[in-house]
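Quick notes on the structure that follows.
The values are calculated or read from the model by the stated rules, or taken from the named source; none is laboratory data. A quick note: this is a predicted structure, and the numbers were derived from the prediction, not measured. Glycine also receives a Cβ, built like all others from the backbone with ideal geometry; neighbour counts cover every protein chain displayed.
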Amino acid sequence: MTREGSVNLRSAEQVSASEPARRGRTETGLKGRFYAPKTPATSSKDLALDFIDSIESTWKGHEPFALWLVKKLKPKTIVDLGFDRGLSTVAFAYKNKGHVFGVDWFEEGGYSEKCFALDRAFANIANAIRFNYAKNIHLIIGPFSHVSRGWNRKIDLLHIDWAHTYKSVKTHYDNWSSFLTKDGVVLIHDVTSHPDEVGKFFREIKKPKFLFPAAAGLGVVCANQKLLDEIREGWSRVSKMKIETFG
């Protein structure tokens, strides 16, 4: 873990995941430390989807939608708040020409649990890049609010996870949604697993939205009603996942 305020970011091709990024260039404004593995010149992507499916996570079940959504939106910048063991981050990065920023502070659990989660995340993301299943992944370890204060990029797709209280999910949403593009999409996980906390906040959002109630619940929010309808209808044509809509 880095001390609050430290900055050290490098591209995915420049540093091994097993080594803290100590010698690279810095980018003013992003607080935290970035780790990523070295990418070979040639690698096979044949097993990419099997690899993504092998990553254990409470987020499992939403990766097919994430892969489809990235293909549709072609986002230049994705911010993944709470990347846990790396499943969502890798899924967002697969066949994505844009950049995926995974931000986490591993606030929950004891020291050993945090270390285990951090190690698993780095191992999974390292392997994803090493075998060229994904690229352009940037990991930032630091307090979410602290990182948001130095953020200076427009966001096309924002994913909020591991915010299990009303206060935390609202804080993440308020701090980060201002960076969304006019057609930016927000995904909020744990809507149904924490109905009186995350679910309560999701229901209060006034923008167009719908919900996948399965797999702890993934809410989808977009200010552009037409685009949201296209996402919902397009996904419904290729998947039988239950969707809840809001009038």
Selection from the range 36-83 of residues modelled with pLDDT under 95, closer than 28 Å to SER145 by Cβ and among the hydrophobic types (A, V, I, L, M, F, W, C) yields ALA36, ILE55, TRP59, PHE83
Subset of the range 225-241, residues surrounded by fewer than 13 Cβ atoms within 10 Å (Cβ to Cβ) and within 22 Å of the chain's Cα centre (by Cα), comes to none
- Item | Hey, THR165 surrounded by fewer than 19 Cβ atoms within 10 Å (Cβ to Cβ) and modelled with pLDDT of 95 or more or not | yes
Within the range 98-108, the count of residues that are at pLDDT below 95 and surrounded by fewer than 20 Cβ atoms within 10 Å (Cβ to Cβ) comes to 3
Here the residues within the range 185-208 that are closer than 21 Å to LEU73 by Cα and surrounded by 20 or more Cβ atoms within 10 Å (Cβ to Cβ) are VAL185, VAL186, LEU187, ILE188, HIS189
Only unsatisfied item for TYR94, checking (1) under 14 Å from the mean Cα position of the chain (by Cα); (2) modelled with pLDDT under 50, is (2)
Checked the range 62-116 for anything in contact with a helix residue (DSSP H, G or I) (Cβ under 7 Å, 6 or more places away or on another chain) and aromatic (Phe, Trp, Tyr); matches are PHE65, TRP68, PHE83, PHE92, TYR94, TRP105, PHE106
Of the residues in the range 119-142, those that are aromatic (Phe, Trp, Tyr) and more than 23 Å from PRO75 (Cα to Cα) number 1
When restricted to PHE116, PHE106, the only residue farther than 28 Å from LYS74 by Cβ and either touching a Pro at 6+ places or on another chain (Cβ under 6 Å) or part of a loop (DSSP other than H, G, I, E, B) (or both) is PHE106
How many residues of the range 211-224 are surrounded by fewer than 19 Cβ atoms within 10 Å (Cβ to Cβ) and touching a Ser or Thr at 6+ places or on another chain (Cβ under 7 Å)? The answer is 1
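Condition (residue is over 24 Å from SER168 (Cα atoms) and in contact (Cβ under 8 Å) with a residue 12 or more places away in the chain) applied to the range 102-115: is it met by at least one residue?
No: zero hits.
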